[in-house]
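This report refers to the structure that appears directly beneath it.
Where a number appears in this text, it was derived from the coordinates with a stated rule and is not lab data. All of these numbers come straight from a predicted model, not from anything done at the bench. In this analysis, Cβ positions are derived from the backbone assuming ideal geometry, glycine residues included, and neighbour counts consider all displayed protein chains.
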């Protein structure tokens with residue numbers, strides 16, 4: 001495919017290429033202290049590009065006020081890698097769930113995690129969770145649930161975090177989880193015949 005013809009503008013270092021009927025602006029510049037020529041597409045998301053805007057973008061990049069396209073891509077890659085390396089509650093749950101094979105509580109734990117913990121803490125690391133988050137969980141998601149359900153959900157969160165600590169994958173919570181007291185013990189009175197046995 002032949003190279004597209006570059007058309008000059010009235011601004012130095014700014015040119016455009018016709019693609020169909022649309023002008024795509026490019027800027028050419030050298031950063032201070034570097035001899036390498038950088039040529040890249042001038043683009044600002046959400047704005048239509050004009051030669052004067054491209055020239056402003058070029059001057060900002062020459063001065064070092066705005067990052068080059070290459071620097072932007074590099075920082076985006078680093079941010080994406082940091083997100084992938086982040087050990088969230090959801091990732092810990094996936095690892096923990098693999099070890100639940102054969103346990104009777106697996107369906108109940110999966111339900112508790114998906115209904116209560118994942119929407120609230122799924123994208124957070126354990127050390128990012130604060131007591132206020134636990135209070136919000138109890139007030140909003142578990143408001144109409146019994147104390148026993150709240151205790152089961154908080155116990156599941158604690159088990160997931162402790163699993164990550166045990167495997168040395170993550171740090172723990174920065175506070176102790178206070179479990180609600182459950183008063184569901186049934187006292188049975190024995191009659192005289194039962195006592196005699």
- Separation between the residue 84 and residue 47 pseudo-spin-labels, each 7 Å from Cα along Cα→Cβ, expressed in nm? 3.2 nm
- Query: Computed FRET efficiency, Cβ-Cβ of residue 38 and residue 5, R0 25 Å: what is it to the nearest 0.05?
  - Reply: 0.75
- State the volume of the convex hull built on the alpha-carbon positions of region 6-82, expressed per residue in Å³ and rounded to an integer. 119 Å³
- Divide, for the chain, the radius of gyration over alpha carbons by 2.2 N^0.38 Å, where N is the residue count. 1.84
- Query: Based on the Kirkwood radius over alpha-carbon pairs, what value in µm²/s does the Stokes-Einstein equation return for the translational diffusion coefficient of region 60-137 at 20 °C and 1.002 mPa s?
  - Reply: 138 µm²/s
- Task: Evaluate the distance, in nm, between pseudo-label points positioned 7 Å from the Cα of residue 171 and of residue 30 along their respective Cα→Cβ axes.
- Result: 4.7 nm
- Rounded to a whole number of µm²/s, how large is the Stokes-Einstein D of region 118-197 at 25 °C and 0.890 mPa s, given Rh as the Kirkwood radius over C-alpha pairs? 163 µm²/s
